[in-house]
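Down below is the structure, laid out as structure tokens.
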Amino acid sequence: MNRTKWYPYALIAPAAALVLIFLVYPVGSVFYYSLQQYNPTFPIYNGFVGLGNFADIAADEKFWRSLGFTFQWVVVEVGLQFVFGMVLALLINQAFKGRGIVRSLVFTPWAVAGILTTTIWLLIYNPTTGLGRYLADMGLVQYGTSLLSGEGTAFWAAVLAELWKGAPFFAILILADLQSVPQDLYESAEMDGAGRIRKFVSITWPHVRQAVVIATLLRAVWEFNNVDLLFTLTGGGPAGSTTTLPLYVAQTAIFDREFGYGSALTVIAFIILIVFTVIYLRANRFGREN
């Protein structure tokens, strides 16, 4: 009897141990170090500082600038990815010759590794052999000018690179829901004289709405935490103009070795994402029938 009682707990014990090791412990460590002054290169100054790191963050101009850019990056990226992803999903949902090949080409960018994506776009933006050369030939920019070197162009150059990779994610999720929409609904709507816009609003959107909600949430969190593309594409420059909050955390903790201060920044990012997720899901009534 006792063996039967504990048998389910024994089965989930390995998974629970992995969660404790790889999730609970790292998160707990971040909260612990956020209350510490911890720099391994200057151990004499290490110790408990309470909320001192958070007080320093409140007066940190780099933090506020990176936070503002992070919100700008997320809004622009997720918004554009949603629009292009929706358009792609609607197009490849139509019946036409070679649709399978087109779908494969549309979904390919999502399968490309982040560092490979950056390498591709670095070659495209190369001022000598890439897009910059062609723009210079047309007289739009000077020879040797990189789109990643100007504060006015670096942001949109990075947006385009991430858009190329992120839009297929929306297309995949939306297309999956489009496949489940009964064609009888569209045929009935046509008989009633409904146009394309009316059919989209009354039939398509209600069916794909939940997919859009979860895709938008996931992409917003991922773009908020985006480090690899911006780090390898712009390095947060020029002059810190493309530094997101997670990138600022990486620079602070890894390069400056201020692990306590970096942990405090991470805690703030964690709280922002938790609050955003709760408000977003409640505002969109996710999981509830409208």
For this session: Would you point out the residue of the range 128-174, among those that are aromatic (Phe, Trp, Tyr) and within 30 Å of Val212 (Cα to Cα), that is least open to solvent (accessible area, probe 1.4 Å)?
Result: Phe170
Exercise. Just one of Val78, Val87, Val74 is over 30 Å from Ser263 (Cβ atoms) and hydrophobic (A, V, I, L, M, F, W, C); which is it?
Worked result: Val87
Exercise. Within the range 175-189, restricting attention to residues that are among the aliphatic types (A, V, I, L, M) and at pLDDT 85 or above, which residue is most open to solvent (accessible area, probe 1.4 Å)?
Worked result: Ala176
Exercise. When residues of the range 215-244 are filtered for being part of a helix (DSSP H, G or I) and open to solvent by less than 30 Å² (accessible area, probe 1.4 Å), how many remain?
Worked result: 10
Exercise. Hey, any hits in the range 276-287 for a residue that's among the basic types (Lys, Arg), farther than 24 Å from Val27 by Cα and either at pLDDT below 90 or within 23 Å of the chain's Cα centre (by Cα) (or both)?
Worked result: yes
For this session: Evaluate the range 131-152: report whether one residue or more is in a helix (DSSP H, G or I) and in contact (Cβ under 8 Å) with a residue 24 or more places away in the chain.
Result: yes
Exercise. Taking the range 24-58 as the search range and keeping residues that are part of a helix (DSSP H, G or I), aliphatic (A, V, I, L, M) and open to solvent by less than 100 Å² (accessible area, probe 1.4 Å), which one is farthest from Thr252 (Cα to Cα)?
Worked result: Val24
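The values are calculated or read from the model by the stated rules, or taken from the named source; none is laboratory data. Note that the structure is predicted; figures quoted are calculated from it, not measured. Don't worry about glycine lacking a Cβ; one is built from the backbone with ideal geometry, like all the others, and counts go over all protein chains shown. We work out accessible area using only protein heavy atoms, side chains counted, and drop any ligands, DNA or RNA first. Shrake-Rupley method; radii C 1.70, N 1.55, O 1.52, S 1.80 Å.
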